[in-house]
Amino acid sequence: MIPIARPTMGEPEAAAARRAILSGWTTQGPEVAAFEREFAHFVGAPHACAVSSCTAALHLALLVAGVRPGDEVITVSHSFIATANAVRYCVATPVFVDIDPHSYNIDPSLVAAAITPRTRAIVCVHQMGLPCDLTPLVELARQRGIPLIEDAACAIGSEIQWLGRWDKIGQPHADIACFSFHPRKLVSTGDGGMLTTRHADWDHELRLLRQHAMDVPDTQRHGSDRVIFERYPKLGFNYRMTDIQAAVGRVQLERLPELVVRRRLLAACYAELLGGMPGLVLPTEPRWAHTNWQSYCVRLPTHADQLAVMQAMLDQGVATRRGVMCCHREPAYRHLAQRHTLTHSEQAQDRCILLPLFAQMTAAEQQHVASALARACDRPASRWGESIGAAVLAGTYVGAPVGGHV
Ligand SMILES: *Cc1c(COP(=O)(O)O)cnc(C)c1O
């Protein structure tokens, strides 16, 4: 059975968890602080604040951006449900706009028309690791004075061309970015999240809110030779990351550059293998973006039935997932009237499937996925480029251009 994903974790992570456990400090402490410093350095952010999940990160990002009950937040329906749920935790209303059918990311040209006097924030998503078109979004947000939040749950290690150089996602290019360390993402701590922001006052507020809004953190009280009483100036949350998680995250972060290189190679192999399949639409990168290939999403030929293809592949030992969900179609969102058409979002959910992609994947496994997909779509399998297959197995494959250009 070829799974959809498989985390890359082993003895170094286990040793790091052990170190944290035996240190006597297990919740948010020195390992979290070190992970934050290393993460900020990796993405090039002035501030990084660790939390318990990306969902928690999104909730806090919206709060520090000033989202209050009754406000509206413009975002996409075509995302994991946590994006929209976080808006509702603030008792605000998600206003969904459609995606671009090629990138599966928010269509920036639709955002201006969705702004109302109640719009308090915009949440864009770097879906499946591919950076969304930030330039027009950042410009619009600045012009209108609306905070822009990046849901970068999937995009650790992804890059965007910005003012002539390649930047990591999460600098952040807008106001604040949220990352996930769920096992489906490239860096995992079991569960966990990180916020990066360019605003020092927002970072300060995040640190308060994640720890019950306690004004003197426990780390400070433990280190003091004077008795200190803490105060709770506002309503906070327990959104802490543990030191056990952070210790694991630090090892994972060290592995990341190598993992991204590996995934780019695997994506290039898929492009070679699947390039000839009639009607199949492969994922592409625009000139100005490098995805980390968190997911490999293909649009099925129009004649193919999504469920039948997925079942036929499962029968051949290949796990797949359907295209990214649309929140507005879920029972939890049915009460919400849609103001804007979401045709491309719905089609992406219904016509796409995600193929297995994980670092340990072998050339033979990729070949099997490709032939299973071809068979499931009732078309002859495209030929596996023998030289590429051999080069991948030998570890000497230098990589073909990945996808095309949008
Ligand atoms: C995974 C994911 C989340 C949620 O992350 P958690 O860490 O599991 O809370 C949010 N948004 C997107 C786009 C995701 O893919």
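The values are calculated or read from the model by the stated rules, or taken from the named source; none is laboratory data. The model shown is predicted, which means the values in this text are computed figures rather than measured ones. Every residue, glycine as well, gets a Cβ built from its backbone with ideal geometry; the counts of neighbours run over all protein chains shown. Please note that ligands, DNA and RNA were not included when accessible areas were found on the heavy atoms of the full protein model with its side chains. Shrake-Rupley method; radii C 1.70, N 1.55, O 1.52, S 1.80 Å.
Just a few scattered comments:
- Checking P108 against (1) touching a helix residue (DSSP H, G or I) at 6+ places or on another chain (Cβ under 6 Å); (2) within 12 Å of the ligand (Cβ to nearest atom); (3) open to solvent by 10 Å² or more (accessible area, probe 1.4 Å), the condition it does not meet: (2)
- Filter result (over 17 Å from L137 (Cα atoms), open to solvent by less than 20 Å² (accessible area, probe 1.4 Å) and not hydroxyl-bearing (S, T, Y)) within the stretch 73-93: H78, A82, A84, A86, V87, C90, A92
Matching residues to (1) within 12 Å of the ligand (Cβ to nearest atom); (2) more than 17 Å from T291 (Cβ to Cβ):
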| site | (1), (2) |
| --- | --- |
| T75 | yes, yes |
| P94 | no, yes |
| A112 | no, yes |
| Q127 | yes, no |
| P136 | no, yes |
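- Yes/no for S103 being in the same structural domain as A247 (by TED's automatic domain parsing), in contact (Cβ under 8 Å) with a residue 24 or more places away in the chain, polar (S, T, N, Q) and closer than 16 Å to A152 by Cβ: yes
- Qualifying residues in the stretch 248-264 (those that are crowded, with 18+ Cβ neighbours inside 10 Å and aliphatic (A, V, I, L, M)) - the one nearest to V51 (Cα to Cα): V248
Each row is one residue, and each column tells you yes or no for (1) outside the structural domain of P108 (by TED's automatic domain parsing); (2) part of a helix (DSSP H, G or I); (3) buried (at least 20 other Cβ atoms within 10 Å of the Cβ); (4) of a type in the set (V, I, T).
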residue: P172; (1), (2), (3), (4): no, no, yes, no
residue: H182; (1), (2), (3), (4): no, no, yes, no
residue: D191; (1), (2), (3), (4): no, no, no, no
residue: D201; (1), (2), (3), (4): no, yes, no, no
residue: A213; (1), (2), (3), (4): no, no, no, no
residue: S224; (1), (2), (3), (4): no, no, no, no
residue: L235; (1), (2), (3), (4): no, no, no, no
residue: A246; (1), (2), (3), (4): no, yes, yes, no
residue: L266; (1), (2), (3), (4): yes, yes, yes, no
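- Check on T8, of a type outside the set (A, V, I, L, M, F, W, C) and under 27 Å from L235 (Cα atoms): no
- Qualifying position, being among the aliphatic types (A, V, I, L, M), away from the ligand (no atom under 16 Å from the Cβ) and open to solvent by less than 10 Å² (accessible area, probe 1.4 Å), among V43, V64: V43
- Matching residues in the stretch 199-221 - criterion: being under 22 Å from A65 (Cβ atoms) and among the polar types (S, T, N, Q): Q211
- Every test in (1) touching a residue at least 60 places away in the same chain (Cβ under 8 Å); (2) part of a loop (DSSP other than H, G, I, E, B) is passed by R231 save one, and that test is (1).
- Filtering the stretch 16-32 to residues that are touching a residue at least 60 places away in the same chain (Cβ under 8 Å) and either hydrophobic (A, V, I, L, M, F, W, C) or within 16 Å of the ligand (Cβ to nearest atom) (or both) leaves A16, A17, A20, I21, W25, V32.
Residues checked against (1) open to solvent by 70 Å² or more (accessible area, probe 1.4 Å); (2) part of a helix (DSSP H, G or I):
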residue: H335; (1), (2): yes, no
residue: T341; (1), (2): yes, no
residue: E346; (1), (2): no, yes
residue: M361; (1), (2): no, no
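- Condition check for Q294: buried (at least 20 other Cβ atoms within 10 Å of the Cβ) and of a type outside the set (S, T, Y): yes
- Scanning the stretch 116-135 for residues that are open to solvent by less than 30 Å² (accessible area, probe 1.4 Å) and farther than 19 Å from F80 by Cα yields a total of 2.
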